[in-house]
Amino acid sequence: MHDDDQLLWQAADAVLDRLLDLPAVERDAALAAMALAPELHAVVARLLAAHGRHRGPLDGAPLGAGLAGRRIGDWTLEEVIGRGGMAVVYRASRGEGAQRQVAALKLLTLGAMVSGGVRRFRREQAILARLRHPHIAQLLEAGVLEDGTPWLAMSLVDGEPIDLWCRAHGLDLRERVRLLFDVCSAVAHAHRNLIIHRDIKPSNVLVDGDGHVRLLDFGIAHLLEAADGTPTGTQAMVLTPQFAAPEQFLRAPASTAMDVYGLGALLYHLVVGRPPRPSGLPDEPVTAPSRVLIAATAAGTDGTGFRRGLRGDLDAIVLKALDPDPERRYASPGDLASDLSAWLDRRPVQARAAGPGYRLRCFARRHRVAVAANVALLLSLGGGVAATLWQAAEARREAARATAAKDFLVDLLQSPDPASRGGRIVDTAQVLRLGATRVREQFAAQPALRTELLQVIGRAQWHLGDLESAEAALDAALQSAVDREQRGISHLILGEIHQQQGRFDDSLAQQQAAIAELTGLRSAQARRSLVYAHLYRGQVTAHLGDATAALPMFDLAEALEAALPQRDPRRRMHLLVHRGQSLLALHRPGEALEVLEDALALVPEPGIADLPLLTTLAQANARLDRPALAETYYRRVVDTMRAAYPPDNPALATPLNNLGSHIADRGRGREAEPLLREALELRRRAGGEGEGGGRLAPALTNYAVLLAALGRENEAVPMLEEASAAADAAFGPVDFRSLMVRSYLAQVHGQRGDAPATDAVAGELQARILELGEMSGWPPALAGTLRRLALAQLLLGRTDDALAELDRLDLLARATGRPLSAPDLAQSLALRLYALALQERRDGAGTARLARELAQLGEEHRFARATAVLALGSQRQPGDPDAAPERMLAEVAQSFPEGELPAHYRLMVSRLASVRR
């Protein structure tokens with residue numbers, strides 16, 4: 001068969017598949033209504049006629065026919081709201097009154113069940129279960145009937161296809177483009193979950209009465225990590241020819257480029273009124289949208305009036321998305337959305353060559369009023385000059401300051417360095433330190449300019465990791481500040497520097513001072529800075545252990561940001577990231593991930609300034625049993641930082657520590673060891689004395705805990721002693737972070753079997769905890785400290801002492817009125833069950849049931865799960881082969897499928913075996 005014939009038959013096969021989704025009585029009319037090429041129409045007509053002559057014994061009415069009133073799970077079926085050859089969709093409801101919930105419940109037909117539809121249907125279930133996005137119809141429930149018919153219930157979207165909605169509501173060109181942003185966001189969310197939709201078209205995008213967009217029908221979507229491993233090319237081709245990418249006809253592997261094409265085709269349809277390839281043939285050339293409307297205008301059929309707006313940039317954007325070569329399309333839905341945003345703002349777009357003439361025209365369009373005003377001023381220079389004298393004088397003052405700043409920076413970059421052979425300073429940190437010194441000397445008589453330059457230099461030093469120099473520059477800026485705005489901004493930056501130093505109390509004081517100075521000021525810069533002051537105040541409050549109190553601070557920051565005259569997507573993204581971090585601290589990872597994905601939609605291609613977003617996404621995915629995706633994000637942060645910073649920059653320590661800790665938690669300790677060691681070395685080189693201990697202590701602790709997990713307890717102990725001293729110096733001896741380090745030291749002493757050392761640390765900790773409670777109350781983070789003390793006692797075989805610590809933990813929760821978080825509760829219950837097992841106390845079926853439930857917990861609770869497996873093993877009779885220590889170790893190891901079992905579990909198994917002999 002020639003290539004042209006193959007393409008023709010593939011296109012016909014795809015059209016036939018769509019027709020067979022319709023009831024038989026509607027298929028001929030639907031075919032007649034399609035704008036197909038004559039040869040394609042003829043082939044489809046022959047195939048459709050042949051299908052009608054050869055009906056199989058199971059082809060017939062859908063299984064769901066006539067089921068109104070029947071209950072499926074908790075759902076009661078109502079009227080049919082959709083029907084095709086592959087499925088029937090009912091309106092369904094469950095609950096009553098205020099609890100009533102309505103859904104679209106989808107059942108397969110008999111024909112679909114015998115033609116591979118079940119596999120597609122189950123894939124749709126799996127895909128929808130992964131997606132949680134405001135612009136994607138959500139899966140509510142799924143199941144299988146007694147006769148084997150699969151079903152799924154989705155949120156019911158009471159709306160109409162996006163093209164009809166645009167037409168009915170008379171949307172103009174810019175409004176239609178804005179509507180596509182929500183579709184791009186939904187598709188980008190699917191891509192981040194490794195899902196390709198492959199069938200983006202108007203009927204799969206509904207808009208409800210409030211104008212909210214929902215993406216539907218993931219029935220032919222492709223899972224990039226599908227478990228069955230079936231190659232895309234071996235599957236039956238299912239697509240919509242007029243909207244499908246050309247490579248889909250060739251059964252190319254699924255790619256995000258297919259969905260970029262689909263988005264371009266949808267946009268084409270919205271602005272032109274027809275698909276880009278009306279015939280449905282893959283090699284049909286795509287005509288620029290404006291040229292289609294030129295022809296329609298000439299024929300008197302263009303009712304949109306969009307031709308002028310399409311010509312130029314929007315034409316280029318649409319054609320780039322629809323390029324036949326996937327490599328020349330936009331790299332992602334986010335890139336397409338960014339170019340559409342540029343078009344809306346009359347900025348240059350990626351899709352066009354960016355010559356100076358083109359950029360000048362964009363500027364003129366973007367500032368049409370200002371350009372016109374300047375032209376008018378030039379034409380009437382003789383009049384109205386007096387009215388502008390004050391503004392001109394102010395502008396000259398601003399220009400003089402800007403010129404002075406520019407000249408200073410140029411001179412600084414050309415400064416000779418006597419120690420360097422070339423006579424130029426090549427070390428950026430050295431340039432900035434020299435600059436700060438010169439600013440103090442050169443601009444002593446210009447305090448406003450002096451302050452501005454010191455703020456710029458100090459912020460640059462902070463980003464380079466030279467925190468000591470940055471603090472000195474900002475202290476000097478604060479001293480020379482001439483007004484509330486300059487003082488407020490100096491406090492703001494100082495607070496950020498203190499936070500980076502781990503001085504959270506000092507950081508909080510600086511942010512509160514910034515808020516006091518900036519509140520009530522009306523300049524744009526002051527209002528923006530006030531948003532960040534409230535944002536960082538919330539962030540520091542969360543770091544200090546009170547994420548609940550931080551959330552209303554973020555609410556205030558978001559409200560202030562929403563009132564700014566110019567909205568900045570990146571600023572909005574930062575607000576969402578910090579809210580997501582607090583939700584994670586409150587053990588609400590599902591909510592956190594939704595917030596973070598909204599943030600990612602605002603910055604589809606994060607840069608180095610956006611790495612906190614990727615880090616927090618990694619943390620959320622790790623907590624939601626998505627370790628591989630979490631590791632991908634962590635590695636991306638590390639790779640980006642390595643590319644941007646010299647290898648000895650201390651800024652690399654945190655991302656290395658995050659990646660290493662994640663890998664270690666997965667049981668891959670030997671792989672994590674060099675990462676955590678490098679992070680520690682960077683912290684040591686940055687200085688661990690005094691304030692630097694706030695950063696050194698966590699690096700020491702994480703590395704020491706890893707060494708203990710690898711069975712290297714003797715190396716871990718001196719590191720934890722050093723970490724404890726650093727934490728005490730940086731935070732104070734009764735800070736929860738200092739207590740946490742000491743509790744790890746107690747646990748490792750218990751693992752070594754050193755009872756006197758364990759008792760000494762435990763006694764000291766109890767005294768500190770009492771002092772903390774008297775001073776400021778007990779923070780939620782203290783739960784981990786008490787839990788580790790209980791584990792230390794269990795490792796020594798002291799069950800009564802361990803149970804006393806766990807009782808103290810329960811008392812703490814009741815005394816503070818704050819229940820334990822889910823991970824803390826799970827781990828404390830598991831330790832209690834293990835302690836009872838060591839005492840050979842079996843408290844009946846309830847204890848066994850609780851152990852079984854804990855042993856089945858998800859990834860976030862793997863330590864509790866592993867401990868519960870031991871407690872469950874103790875229920876077995878001594879002669880049972882499954883009660884053997886080797887068997888119990890193997891079961892515990894299943895909680896760490898990627899690597900080694902932490903060393904203390906071997907000791908726990910040994911203790912359990914010894915009491916059962």
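The values are calculated or read from the model by the stated rules, or taken from the named source; none is laboratory data. This one's a predicted model, so the numbers in the text were calculated from it and none came from an experiment. Cβ atoms come from the backbone with ideal geometry, glycine included; neighbour counts cover every protein chain shown.
Tallying residues that are without any contact (Cβ under 8 Å) to a residue 24 or more places away in the chain and either surrounded by fewer than 17 Cβ atoms within 10 Å (Cβ to Cβ) or more than 17 Å from the chain's Cα centre (by Cα) (or both) within region 620-644 yields 5. Residues considered: TRP151, TRP165. Of these, the only one that is at pLDDT 85 or above and either surrounded by 22 or more Cβ atoms within 10 Å (Cβ to Cβ) or assigned by TED's automatic domain parsing to the domain that holds SER332 (or both) is TRP165. Condition (residue is more than 40 Å from the chain's Cα centre (by Cα), crowded, with 24+ Cβ neighbours inside 10 Å and without any contact (Cβ under 8 Å) to a residue 60 or more places away in the chain) applied to region 749-760: is it met by at least one residue? Yes, some residue in region 749-760 is more than 40 Å from the chain's Cα centre (by Cα), crowded, with 24+ Cβ neighbours inside 10 Å and without any contact (Cβ under 8 Å) to a residue 60 or more places away in the chain.
Among the residues here, PRO647 does not qualify as buried (at least 21 other Cβ atoms within 10 Å of the Cβ) and not in a helix (DSSP H, G or I). All of LEU614, LEU676, LEU656, LEU652 fail the test of being under 14 Å from the mean Cα position of the chain (by Cα), of a type in the set (A, V, I, L, M) and part of a helix (DSSP H, G or I), apart from LEU614. Taking the criterion of being free of Cβ contacts under 8 Å to residues at least 40 places away in the same chain and within 17 Å of ILE515 (Cβ to Cβ), the residues of region 552-573 that qualify are PRO552, MET553, PHE554, ASP555, LEU556, ALA557, GLU558, ALA559, LEU560, GLU561, ALA563. State yes or no: is GLU452 of a type in the set (Asp, Glu), modelled with pLDDT of 55 or more, outside any loop (DSSP other than H, G, I, E, B) and more than 27 Å from ASP648 (Cβ to Cβ)? Judged against the criteria, GLU452 is a match. Here ALA236 does not qualify as at pLDDT below 90, part of a loop (DSSP other than H, G, I, E, B) and within 31 Å of the chain's Cα centre (by Cα).
Against the test of being within 23 Å of PRO646 (Cα to Cα) and surrounded by 21 or more Cβ atoms within 10 Å (Cβ to Cβ), the options LEU720, LEU739, LEU707, LEU675 yield a single qualifying residue, LEU675. GLY465 falls short on exactly one of the conditions (1) in contact (Cβ under 8 Å) with a residue 40 or more places away in the chain; (2) closer than 24 Å to LEU521 by Cα, and that condition is (2).
With (1) surrounded by 22 or more Cβ atoms within 10 Å (Cβ to Cβ); (2) within 20 Å of PRO650 (Cβ to Cβ) as the list, and GLN499 as the residue in question, which single condition is left unmet? Condition (1) is where GLN499 drops out. Restricted to region 558-585, and to residues there that are small (Gly, Ala, Ser), modelled with pLDDT of 80 or more and within 29 Å of LEU820 (Cβ to Cβ), the residue that is surrounded by the most Cβ atoms within 10 Å (Cβ to Cβ) is GLY580. In the set SER203, SER185, only one residue is of a type in the set (S, T, N, Q) and crowded, with 21+ Cβ neighbours inside 10 Å; that residue is SER185.
Helices (runs of 4 or more DSSP H) fully within region 495-610 that include at least 2 residues being of a type in the set (D, E, K, R) and over 28 Å from PHE731 (Cα atoms): 524-543, 547-562, 569-585, 589-602.
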